[in-house]
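The values are calculated or read from the model by the stated rules, or taken from the named source; none is laboratory data. Predicted model only: the values in this text are computed from it and were never measured. In this analysis, Cβ positions are derived from the backbone assuming ideal geometry, glycine residues included, and neighbour counts consider all displayed protein chains.
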Amino acid sequence: MKHTIDSAYGKQLYSQRIGTVEPVFGNLRHNKLLMRLKKLRRREQANTQWQLYRLEHNREKLGNSAWRR
């Protein structure tokens, strides 16, 4: 894995990830205070909670965008 990331192609791919994926997790962690999913008994419950957080993140993005006009 380290060899793949250290290659020129791997560095190019990882630089794209920093701009697209990492801000989502940063927003959820610091602004929404999501440090971990609640201790839920079943995977379906944890998936439902994660989907609600994603829905809220996307709703906020749409609300702050020019799409609102």
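For the range 1-25, the tally of residues that are assigned to a helix (DSSP H, G or I) and either closer than 30 Å to L52 by Cβ or in contact (Cβ under 8 Å) with a residue 24 or more places away in the chain (or both) stands at 11. May I ask you to list the residues in the range 14-37 that are exposed (fewer than 12 other Cβ atoms within 10 Å of the Cβ) and under 26 Å from T4 (Cβ atoms)? Matches in the range 14-37: S15, Q16, R17, I18, G19, T20, V21, E22, P23, F25, G26. For the range 18-33, give me each residue that is over 16 Å from N58 (Cβ atoms), modelled with pLDDT of 75 or more and of a type in the set (A, V, I, L, M, F, W, C). The answer is L33, and nothing else. Whenever a residue of the range 26-37 is outside any helix (DSSP H, G or I), its partners that are of a type in the set (D, E, K, R), lying with C-beta atoms within less than 8 angstrom and at least six residues away or across chains, give the pairs K32/E56; M35/R29. For the range 38-47, a residue qualifies if it is assigned to a loop (DSSP other than H, G, I, E, B) and surrounded by 12 or more Cβ atoms within 10 Å (Cβ to Cβ), and exactly one does: L40.
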